[in-house]
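Before any comments, here is the structure.
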Amino acid sequence: ETGISPQKAIASARLESAAKMLKFTDKKIKEIAFECGFSDELYFSRAFSRVFEISPKEYRKEQKVDI
């Protein structure tokens, strides 16, 4: 119904969750990757960059919210 495969939908949800964690927590990028279901930090970084067109590190730098 959505036009995307279940695998892509899950990956998208994981990356959205990672983006929120990058924005609102101080956890290390490696921790965030593992908590969001990525077993390889490099794969996570590449997938994140492909979707958001920016590295997780740069995303955090630009989006970080001080709580």
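Counting lysine pairs in the chain whose alpha carbons fall under 17 angstrom apart, excluding pairs fewer than 8 residues apart on the same chain, gives 17.
Longest exposed-loop-site-free stretch of the chain, with trypsin sites (Lys or Arg not before Pro), DSSP loop and at most 15 other Cβ within 10 Å? With a cap of 15 other Cβ atoms within 10 Å, the longest stretch comes to 29-63.
How many percent of the alpha carbon pairs in the range 1-40 exceed a separation of 13 Å? Percent of Cα pairs beyond 13 Å in the range 1-40: 52. On the basis of the beta-carbon distance and an R0 of 22 Å, SER55 and SER12 show a calculated FRET efficiency of 0.75. Using Cα-only point scatterers and the Debye equation, what is log10 of I(q)/I(0) for the chain at each q in 0.11, 0.16, 0.21 Å⁻¹, rounded to two decimals? Log-scaled intensity ratios, in q order: -0.24, -0.50, -0.81. Taking every alpha-carbon pair under 8 Å whose residues sit at least 6 apart, the chain reaches a relative contact order of 32 percent.
Values quoted throughout were computed directly from the atomic coordinates according to the rules given, and no laboratory measurement underlies them. Since we're looking at a predicted model, the values are computed, not measured. Using ideal geometry, Cβ is built from the backbone for each residue, glycine included, and neighbour counts are taken over all protein chains shown.
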